[in-house]
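Okay, handing you the structure first.
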Amino acid sequence: MDYNALLKLAITAALKAGDEILKIYDTDFFVQTKSDNTPVTLADKGASDSIIKTLTPANIPIISEEETILDHKIRKTWTHVWLVDPLDGTKEFVKRNGEFTVNIALVENNVPVIGVIYSPVSKEIYFASKTNGSFKVSQHDTITEINKKEDTLVDNLILAAKKLPLQKLPKKYTVVASRSHLSRELNQHIDKLKNVYSEVETINVGSSIKQCWVAEGKAHEYLRLGITMEWDTAAGQCILEEAGCALIDLETNLPMRYNKENLKNNFFIAKH
């Protein structure tokens, strides 16, 4: 398994999906509601189609939020699978606050071994591959390389990337929290942290950017006590782990596993 080639393919897929998303973002788009009461737009479907088209030549099965999910009897035979959230943070997309991402992960024997998270609006790219570390491409470097219009774009982005974590953790104990999924339980958790650390700072942001900020060193932890799916966390988990952090399933107290029979995650915490 050529992780390097597959990482480049995943970055390419994320960038192309970002272009599809922005085409819709700049229009007066229509918002539908799915059966689980979550929003979906043409951007979700367009990004999913684009990613599938780009990843298909790798001949690895793909699980995408916007596509039909095959039965576990079939999926459990797969040693490798792509886990894709074409537009993570549709609520933020609808609000037009820019805090949404493209998430692409390669899972090998239930463990994420490649992770790519791309923010189409901020143009920041986070990526990781097994044993090679986690990296971030800044907005400036991404825009610079895209504007060059060279065939070596992805190679250039990888060369421009900086290793995570990028900074020392803040002096104040810092919790990153969802902008759209705040809860009483989370507030209770923060109150408990205040008893330990006296001062606790909370920063709010949408989508999988939260996992990236923990990996980057902007925050100590991200606790999620709500419903998420495997495609919401797989890419972020790889980025966290390769940056020396962890994403822990709060039921098993072990790292999250993927391509389970039920693709719904347990509650979890991402932390340094």
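Just so you know, all these numbers are worked out from the coordinates, no wet-lab data involved. Model, not experiment: these values are computed from the prediction. A quick note on method: Cβ atoms are made from the backbone with ideal geometry, for glycine too, and the neighbour counts reach across all protein chains shown.
Between Asp19 and Asp49, 0.36 nm times their residue separation minus their Cα-Cα distance comes to what?
Values: separation 30, 0.36 × 30 = 10.80 nm, distance 1.23 nm.
Working it through step by step, the gained length comes to 9.6 nm.
Enumerate the aspartates and glutamates that Lys163 could reach by cross-link, defined here as Cα to Cα under 20 Å, with residues fewer than 8 away along the same chain left out.
The reachable aspartates and glutamates, counting only those whose Cα sits under 20 Å from Lys163, are Glu124, Asp141, Glu145, Asp155, Glu216, Glu221, Glu241, Glu242.
Among the listed pairs Lys76/Lys218; Lys123/Lys264; Lys123/Lys172; Lys16/Lys95; Lys53/Lys130, give every one whose C-alpha distance is greater than 32 Å. Kindly include the intermediate steps, with their values, before the conclusion.
Details: Lys76/Lys218 37 Å; Lys123/Lys264 29 Å; Lys123/Lys172 28 Å; Lys16/Lys95 22 Å; Lys53/Lys130 24 Å.
Pairs exceeding the cut-off: Lys76/Lys218.
Using a 10 Å Cβ count of at most 13 others and DSSP loop calls, identify the longest part of the chain lacking such trypsin sites (Lys or Arg not before Pro). All intermediate terms of the calculation are to be shown ahead of the outcome.
Details: sites that count: Lys34, Lys76, Arg96, Lys149, Lys168, Lys171, Lys172.
My reading of the result: 173-272 is the longest stretch.
Loop-only GluC sites (Glu not before Pro) in the range 216-272, please: DSSP not H, G, I, E or B, and at most 14 other Cβ atoms within 10 Å. Don't skip to the answer; put the middle values down first.
Working: sites: Glu216, Glu221, Glu230, Glu241, Glu242, Glu251, Glu261; in loops: Glu251, Glu261.
Here the GluC sites (Glu not before Pro) that fit, given the DSSP loop and packing criteria, are Glu251, Glu261.
Taking a ≥ b ≥ c as the square roots of the eigenvalues of the Cα gyration tensor of the chain, is the shape rounded (a/c under 1.5), prolate (a/b larger than b/c) or oblate?
The shape class here is rounded.
At 7 Å along the Cα-to-beta-carbon direction for both Trp78 and Asn262, put a label point, then send me their distance in nm to one decimal.
2.0 nm
Quick check: Cα centre of the range 38-71 to Cα centre of the range 156-199, how many Å?
Using only Cα atoms, the two centres lie 30 Å from each other.
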